[in-house]
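The values are calculated or read from the model by the stated rules, or taken from the named source; none is laboratory data. Bear in mind the structure is a predicted one, so any value in this text is a computation, not a measurement. FYI the Cβ positions are ideal-geometry reconstructions off the backbone, even for glycines, and counts take in every protein chain you see. Heads up: the accessible areas ignore ligands, DNA and RNA and are worked out on the full protein's heavy atoms, side chains in. Shrake-Rupley method; radii C 1.70, N 1.55, O 1.52, S 1.80 Å.
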Amino acid sequence: MILRLLKNRFQNALASFVDDPAPYLEMIRPSQDPKFGDYQANMAMPLAKQLGKPPREVATQIVAKLDLSGLCTTPEIAGPGFINLRVADSLLVELLQNAIADENRLAIAEVESAEKKRYIVDYSAPNVAKPMHVGHIRSTMIGNALVRILRFYGHDVISDNHIGDWGTQFGMILYGYRRFLDKATYEASPVAELSRLYRHVRQLMDQPTEEGQRIGKLVLEETAKLHAGDPENLALWKKFVPVCMEEIERMYKRLGVEFDYTLGESFYQPMLAPLVDDLLRRGIARETEGAIGIFLDGYEIPVLIRKKDGAFLYSTTDLATVQYRIKEFQPDVMLYLTDFRQSLHFEQFFKAAALMEAGQKLPELVHVKFGTVLGEDGKPFKTRSGDTVGLESLLDEAESRALAVLEKNVGEESESTDLSETARRIGLGALVYADLSQNRESDYVFSFDKMLAMNGNTATYMQYAYARVRSIFTKGNIDIGSLRRSPEPVQISTPQERALAMELLKFDEAIESAVRDYRPNQLTSYLYELANRYSAFFEHCPVLKADDESVQQSRLKLCDLTARTIQLGLRLLGIETVERM
RNA sequence: GCGCUCGUAGCUCAAUGGAUAGAGCAACGGAUUUCUAAUCCGUAGGUUACAGGUUCGAGUCCUGUCGGGCGUGCCA
């Protein structure tokens, strides 16, 4: 909110220098180094070029036009022409009070109603025939965080899990089921057996031999039969899907993720044949080497939408999904959260969708891509046995590690505390944070210990800061309600208090940058920074043992706002806080 | 071959074209009769792969080289 106030003032000042100040307003930003103040404005240098004057002179002229009353102390011009701004403590105090008094949003505004959009966020999308592994965290948790953040901003958001329940993996399972089924295991644990069959057939197909090719062909035949409505294959498919879905639902429950819709590939199946016919009739698609494809300018390969055996493809379903969503939901934006390896597919698919919807208003289609999870060898992650690490066992391990520390720290002293629930939140938080704190576009190297770390820059650190605040309130027997209603202003008397206050008031900037680039790691960095400032404050500024009551009240307010900011910030990431740890 | 992408501290990663490139982990040295030590303070660690270029200013933009990853019509 401080940044917005500054921009308003600069806009007025810059009006007499340029016609369009907008790009120059973007050059106001938080300072990297506190010795340069809280914010800095860098527009004097580029403006100097344009106006043909020395940059420091331009900076001086801007400052002369600038009215910062109530916002900042006198700006300083430094270096080649930086304008360094120090926010007035009176403004900090005023804004803190607004945030404290706002029970739900901490004075973070929604977007203007004209800016509100309807989003469809398409994420997670596991193949139902395979157990979820560590790679699914990326799509699932980045998507989940974006849904939460966009909603908080006041957008209308529809989450849709486009599960893979109709693809070639079922051809593989059908083939395996008929030949390699272990009936006893299937009875006991159908999902485990199906996934074993899947892996087994995958291995057979991947052999670089004629045998491998032959099996590959048979698998595709099973897929084609399923797609053509073969009664036997369809009956088996109907048997498999519900048990797989049950397993997946259980996992989502554990992760704390919910979807508005789970419309998988099979849902669109009846729309595929008519879609292809329509595209053929309109001349958008044509026959090629026995298959049907859409040819795009500038691409060597067409987008295939029907194989020569009649089966449909990924792109066919994607196009049908676009049509369905436009008709059903009229979205403004659709976000697709998938691995960057699908970049070419999405580029082409988006262009094909534009052809398909020519003349209509097409929603903005965005591929929110993310990097691959790599093993320690730098190759896409696999364990020695060829399986990826199951999400389930990873979560189990995270929880048991958290529980071990909890039992040591909190122990028996509090029977009222549900330690296992606390451990669940800490373990899951660690895992989710480890993923979200990466820039989503980067590949990252999977490390068991890093994923489960609970020291340093981890969710645990924020949860710990939160629990420390809660502990103060419990110990001091503080009435939070009356504290929040109290009109007494916060006092800023130490550097630690000021640094904490400053950071608290940058929450909105963090959320905004997370949304702008669809990058939750902007929010994790912020929360770490905030918890870090709180720790410094905690060390230096006694609260319950403050010298006098007004200081105590003031510090309690800072503590409370910190806790609420951390809680809300973590919640936007899909991570829960705990009262004791 | 062509296309996309990445290369930053020992390791894992940050850094909307801005000032002296930052964290965490690991290492080393300190802090607990004090509101939670899952914490804090400090030390050390860098030619941002390399070479040019654009710019007042480049880890960031452009060109080239080297190296890694991915993609490249009937998987998703």
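Using the charge dipole of chain A (Lys, Arg: +1 at Cβ; Asp, Glu: -1 at Cβ; taken about the Cα centre), state which of A:Ile108, A:Gly298, A:Phe329 has its Cα farthest towards the positive end.
A:Gly298
Pick out, from A:Phe267, A:Val366, A:His200, the residue whose Cα sits farthest towards the positive end of the charge dipole of chain A, with +1 on the Cβ of Lys and Arg and -1 on the Cβ of Asp and Glu.
Selected residue: A:Val366.
Using a simple charge model, +1 on the beta-carbon of Lys and Arg, -1 on the beta-carbon of Asp and Glu, nothing else, what dipole does segment A:244-295 show about its Cα centre, in debye to the nearest 20?
Charge dipole of segment A:244-295: 120 debye, to the nearest 20.
Compute the acute angle (0 to 90°) between the alpha-carbon long axis of helix A:89-101 and the principal axis of greatest extent of the alpha-carbon atoms of chain A; round to the nearest 10°.
Relative to chain A, helix A:89-101 is tipped by roughly 50 degrees.
Using a 1.4 Å probe, what is the accessible area per residue for segment A:73-115, in Å²?
Roughly 52 Å² per residue, with all protein chains present.
Distance between the C-alpha centers of segment A:307-343 and segment A:120-136? Whole Å please.
Here the two parts' Cα centres lie 16 Å apart.
According to the square roots a ≥ b ≥ c of the eigenvalues of the Cα gyration tensor, what is the shape class of chain A, taking rounded for a/c under 1.5, prolate for a/b larger than b/c otherwise, and oblate for the remainder?
In terms of gyration-tensor shape, oblate.
Where only protein heavy atoms count, and the probe is 1.4 Å, what is the accessible area per residue for segment A:440-581 in Å²?
41
Calculate for chain A the 222 nm mean residue ellipticity that helices alone would give, adding -39,500 (n - 2.57) per DSSP H run of length 4 or more and normalising by residue count, nearest 500 deg cm²/dmol.
Result for chain A: -17500 deg cm²/dmol, rounded to the nearest 500.
Taking the Cβ of A:Tyr526 as the center, what net charge do the other residues with Cβ under 13 Å away carry, scoring Lys and Arg +1 and Asp and Glu -1?
Overall, the nearby charge balance is -2.
Out of the total accessible area of chain A (probe 1.4 Å, heavy atoms of protein only), what percent is carbon and sulfur?
Summing carbon and sulfur atoms, their accessible area is 49 percent of the total for chain A.
What list of ³J(HN,Hα) values in whole Hz, one per residue of segment A:339-354 in order, does the Karplus curve 6.51 cos²θ - 1.76 cosθ + 1.60 (θ = phi - 60°) give from phi, with Gly and Pro shown as x?
With the stated coefficients, segment A:339-354 comes to 4, 5, 5, 8, 3, 4, 4, 5, 3, 6, 4, 5, 5, 5, 5, 5 Hz.
Of the beta bridges DSSP finds with both residues in chain A, what % are antiparallel, to the nearest 5?
Just about 50 percent of them are antiparallel.
Based on the Cβ-Cβ distance of A:His345 and A:Asn439, what FRET efficiency does E = 1/(1 + (r/R0)^6) give at R0 = 25 Å, to the nearest 0.05?
The value I calculate is 0.65.
Hey, can you rank A:289-296, A:427-434 by average C-beta count inside 10 Å, highest first?
Highest to lowest by the protection proxy: A:427-434, A:289-296.
Rounded to the nearest whole Å², what accessible area per residue is found for segment A:127-247 with the 1.4 Å probe?
About 42 Å² of surface per residue is accessible.
Scan around A:Val157 for amide H atoms under 5 Å from its own, H built in the peptide plane at 1.01 Å from N, and keep only partners 5 or more places away or cross-chain.
Amide H neighbours of A:Val157: A:Tyr119.
Among all stretches of chain A without exposed trypsin sites (Lys or Arg not before Pro) (DSSP loop, at most 10 other Cβ atoms within 10 Å), which one is longest?
Longest gap between qualifying sites, sites excluded: A:1-360.
For A:Ala88, list long-range residues whose amide hydrogen, built 1.01 Å from N in the peptide plane, is under 5 Å from its own amide hydrogen.
A:Cys72, A:Thr73
Dipole size in debye (nearest 20) for chain A around its Cα centre, Lys and Arg Cβ +1, Asp and Glu Cβ -1?
600
Please compare each pair in A:Lys308/A:Lys351; A:Lys217/A:Lys307; A:Lys35/A:Lys506 to a cut-off of 21 Å on the Cα-Cα distance and tell me which ones are over it.
As for pairs spanning more than 21 Å Cα to Cα, those are A:Lys308/A:Lys351.
If the only charges are +1 at each Lys and Arg Cβ and -1 at each Asp and Glu Cβ, what is the size of the charge dipole of segment A:491-581 around the Cα centre, to the nearest 20 debye?
With Lys and Arg at +1 and Asp and Glu at -1, about 160 debye.
May I ask you to derive the relative contact order of segment A:449-581, considering only C-alpha pairs under 8 Å and at least 6 residues apart, and to give it as an integer percent?
So the answer I get is 41 percent.
Choose one of A:Phe349, A:Ile2, A:Asn161: the residue whose Cα lies farthest towards the positive end of the charge dipole of chain A (beta-carbon charges +1 Lys, Arg; -1 Asp, Glu; about the Cα centre).
Ranked along the dipole, the leading option is A:Phe349.
Taking the convex hull of the Cα atoms, report for segment A:3-138 its projected area averaged over all directions, in nm².
13.6
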